[in-house]
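Down below is the structure, laid out as structure tokens.
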Amino acid sequence: MAEFIPPLETLVEQFHRLPGVGRKTAERYALSLLKLSEEEAAQFADAILGAKRDIRDCRICHNISVDDVCPICASPDRDVRTLCVVQDARDVMAMERVRAFDGVYHVLGGLLNPRKQQAAEQIRIPELLARVAEGEVEEVILATNPTFEGDTTAIYIANQLSKFPDVRVTRLAYWITVGGDLVYADEVTLTRALQGRNKLN
């Protein structure tokens with residue numbers, strides 16, 4: 001039996017579907033939403049629909065963008081010779097907060113996960129190899145999280161990049177806690193991890 005009346009229960013369930021949102025947090029979000037005026041609720045709904053409608057993948061790096069090419073890839077000030085590989089758009093945001101990286105990114109959109117049968121073709125590794133094959137990239141920084149899936153993905157990519165002997169492959173130093181998440185690392189930690197990156201080939 002539902003704990004709440006059906007409209008509220010439906011709202012709670014929608015929030016609960018979001019990653020990292022537990023049942024109690026979903027209830028708090030739903031009840032907070034009910035306190036909004038009708039105009040504020042409409043603005044909230046319009047913001048969700050607008051973001052869903054207007055945000056797309058950059059055709060080069062697959063980061064989120066409102067244009068065909070994201071501002072990072074379009075910028076003439078970014079160093080296209082240094083390519084940082086991350087799991088998702090949140091990691092790009094985390095790296096950009098540091099302001100210590102002036103290269104470009106490649107967003108995988110996931111990690112290799114044998115248990116969930118997540119294969120290389122499903123996480124844009126072929127697109128990464130195609131970018132490197134174009135010949136502009138001199139260094140690939142593997143900035144996946146220091147977890148089992150992140151390390152597995154980094155090792156797999158490093159092995160695939162061995163076919164490009166002129167490309168330096170590095171991994172963020174373990175200033176980030178093993179098992180941790182890049183997006184929760186503070187700026188000092190991320191800067192040290194970037195500066196102390198280890199060569200893999």
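All of the numbers you see were taken from the coordinates with simple rules; none came from a lab. Keep in mind that this is a model prediction, so the values were computed, not measured. All Cβ positions, glycine included, derive from the backbone under ideal geometry; neighbour counts span all protein chains shown.
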(request) Starting at the first residue of the range 106-112, write each ³J(HN,Hα) from the Karplus equation 6.51 cos²θ - 1.76 cosθ + 1.60 with θ = phi - 60°, in whole Hz, x for Gly and Pro. (result) 9, 9, 6, x, x, 9, 4
(message) Taking loop as defined by DSSP and a crowding limit of 16 other beta carbons within 10 Å, which GluC sites (Glu not before Pro) in the range 1-41 fit?
(response) 3
(request) Compute the long axis of helix 89-98 from its Cα atoms, compare it with the longest principal axis of the Cα atoms of the chain, and write down the angle in degrees, 0 to 90, nearest 10. (result) 70 degrees
(message) Placing +1 on the Cβ of each Lys and Arg and -1 on the Cβ of each Asp and Glu in the range 6-54, which of 34, 22, 51 has its Cα farthest towards the positive end of the resulting dipole?
(response) 22
(message) Please give the charge dipole size of the range 68-115, origin at the Cα centre, charges +1 on K and R Cβ atoms and -1 on D and E Cβ atoms. Round to the nearest 20 debye.
(response) 200 debye
(request) Evaluate the charge dipole of the range 57-199 about its Cα centre and quote only its size in Debye, nearest 20, assuming +1 on the Cβ of each Lys and Arg and -1 on the Cβ of each Asp and Glu. (result) 440 debye
(request) Enumerate the amide H contacts of residue 168 below 5 Å, restricted to partners 5 or more residues apart or on another chain; note that Pro and chain-start residues carry no placed amide H. (result) 139, 140
(request) Note down the net charge around residue 25, summing +1 for each Lys or Arg and -1 for each Asp or Glu among other residues with Cβ under 14 Å from its Cβ. (result) +2
(message) With angles folded into 0 to 90 degrees, how steeply does helix 38-54 sit against the dominant principal axis of the chain? Use alpha carbons for both and round to 10.
(response) 30 degrees
(request) Please give the net charge around residue 100, taking every other residue with its beta carbon less than 12 angstrom from that of residue 100, where Lys and Arg add +1 and Asp and Glu add -1. (result) +1
(request) Go ahead and estimate [θ] at 222 nm for the chain from helices alone: -39,500 (n - 2.57) per DSSP H run with n ≥ 4, summed, over the residue count, rounded to 500. (result) -13000 deg cm²/dmol
(request) Treating the angle as unsigned and between 0 and 90°, give the value, to the nearest 10°, between the Cα long axis of helix 23-34 and the longest Cα principal axis of the chain. (result) 60 degrees
